[in-house]
Ligand code: PA5
């Protein structure tokens, strides 16, 4: 099985009666999602995406990826939120968190436009010196400030280096099929463009051109990624029975624990390559559920690293947390602890033992310690970190998020709260049209 949910370590906190009691709500939420009868139903394109995607564009993504691989040393992905987290998560999880430092025959990948830091921009620009560069600017709205500023900077860099004509061959744009300034500008400039479908929101867009182009440039098999997601879609759409569907069970457990006063879900992995996957998951669940003064706060840790920082809090701080542990069956890497005849460090009891086994043992010991400390642990077991499994995992989290959000009673597909900071920032920066708000804000900042 590609993904299994192990709920043995939530049994002390949730009894069978609680699971039975929430079943009708989960069934209703899944029905709402599949029938498209709930709030946000304009944004359900991701539900059938693994089968129902634009095959012509998919083929064009592969051709563009090959062109990019051949023509650059550095590939800059410009985007923020859902427009970069998915591709970065997949590349780092499957390849390495140190992707740019590993031996490979694909370009280095840098992510820009996901902050407004001069230091970060300058650093990436310095890295580009003397190297061939391509960029992929990704923005569904085509108007988000951070990627727009980054695109202006990197476009100028490319045009200086290669001329306007040369730069055109190195700029790839992923945006709305018709709307937004980025689309209009790309058409005029003659850039190759890819589409973010109207009915797919940013955080659900990793399996569109948004994620697929950067992922393919990193040498990951996007056919396998889609195949894994398609099999997951078939599996999770088939039933909402908590005892048969890992998705339904995950959505149920989260909602039950939330109602019991658990306010924070911590995504745990024992592999550093999952750090950005955690970030993608945090956006997916945080933006989907955190609204109307409701929702679990999604947090994350990498163990055993964070056992030496946040471990203390999790073990016996405020009892409002539960953990979801991503357990990877086969990491595809092995390393044994060496024998040392002097045994000065006393570690010979581990000589010859594979680090995967030590890591798994750390996980078992930690899960038991944490449940003893009053922290429920949900274990998500995945087979490996192949493209197929990752495609499955992405769909699992997306589908569970839709079901969980409807069970919580929110619209899991909007993000009204993201606008507040933007309005203030525009006003304070003097964007035309925000003059009144600027006065009010400046008064408040005095
Ligand atoms: O999930 C979302 O909708 C957001 O995180 C967006 O992806 C993010 O704000 C970037 O928006 P855009 O792609 O329009 O630039």
(message) Among the residues that make up region 269-284, is at least one of them outside the structural domain of residue 166 (by TED's automatic domain parsing), at pLDDT 95 or above and under 19 Å from residue 30 (Cβ atoms)?
(response) yes
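The rows are residues; the columns are (1) within 16 Å of the ligand (Cβ to nearest atom); (2) in contact with a strand residue (DSSP E or B) (Cβ under 8 Å, 6 or more places away or on another chain); (3) farther than 19 Å from residue 85 by Cβ; (4) assigned to a loop (DSSP other than H, G, I, E, B).
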residue: 219; (1), (2), (3), (4): no, no, yes, yes
residue: 248; (1), (2), (3), (4): no, no, yes, no
residue: 276; (1), (2), (3), (4): yes, no, no, no
residue: 287; (1), (2), (3), (4): yes, no, no, no
(message) Looking at (1) surrounded by fewer than 21 Cβ atoms within 10 Å (Cβ to Cβ); (2) under 24 Å from the mean Cα position of the chain (by Cα); (3) touching a residue at least 12 places away in the same chain (Cβ under 8 Å), which one does residue 65 not meet, given that it meets all the others?
(response) (1)
(message) Name the residue that is nearest to the chain's Cα centre (by Cα), counting only residues in region 312-327 that are surrounded by fewer than 21 Cβ atoms within 10 Å (Cβ to Cβ) and in contact (Cβ under 8 Å) with a residue 40 or more places away in the chain.
(response) 327
(request) Tell me the helices (runs of 4 or more DSSP H) entirely within region 328-446 that contain at least 2 residues that are crowded, with 19+ Cβ neighbours inside 10 Å. (result) 355-372, 387-408
(request) Would you list the strands (runs of 3 or more DSSP E) that sit entirely within region 93-203 and hold 3 or more residues that are surrounded by 14 or more Cβ atoms within 10 Å (Cβ to Cβ) and within 16 Å of the ligand (Cβ to nearest atom)? (result) 133-139, 171-175, 192-195
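Please go through region 221-246 and give me each residue that is assigned to a helix (DSSP H, G or I), buried (at least 20 other Cβ atoms within 10 Å of the Cβ) and free of Cβ contacts under 8 Å to residues at least 24 places away in the same chain, ordered by number.
Passing the criteria: only 235.
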(message) If I go through region 48-84 residue by residue, how many of them are within 16 Å of the ligand (Cβ to nearest atom) and out of contact with any helix residue (DSSP H, G or I) (no Cβ under 7 Å at 6 or more places or on another chain)?
(response) 2
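The values are calculated or read from the model by the stated rules, or taken from the named source; none is laboratory data. Quick caveat, the model's predicted, so the values are computed rather than measured. All Cβ positions, even for glycine, are placed from backbone atoms using ideal geometry, and neighbour counts span all protein chains on display.
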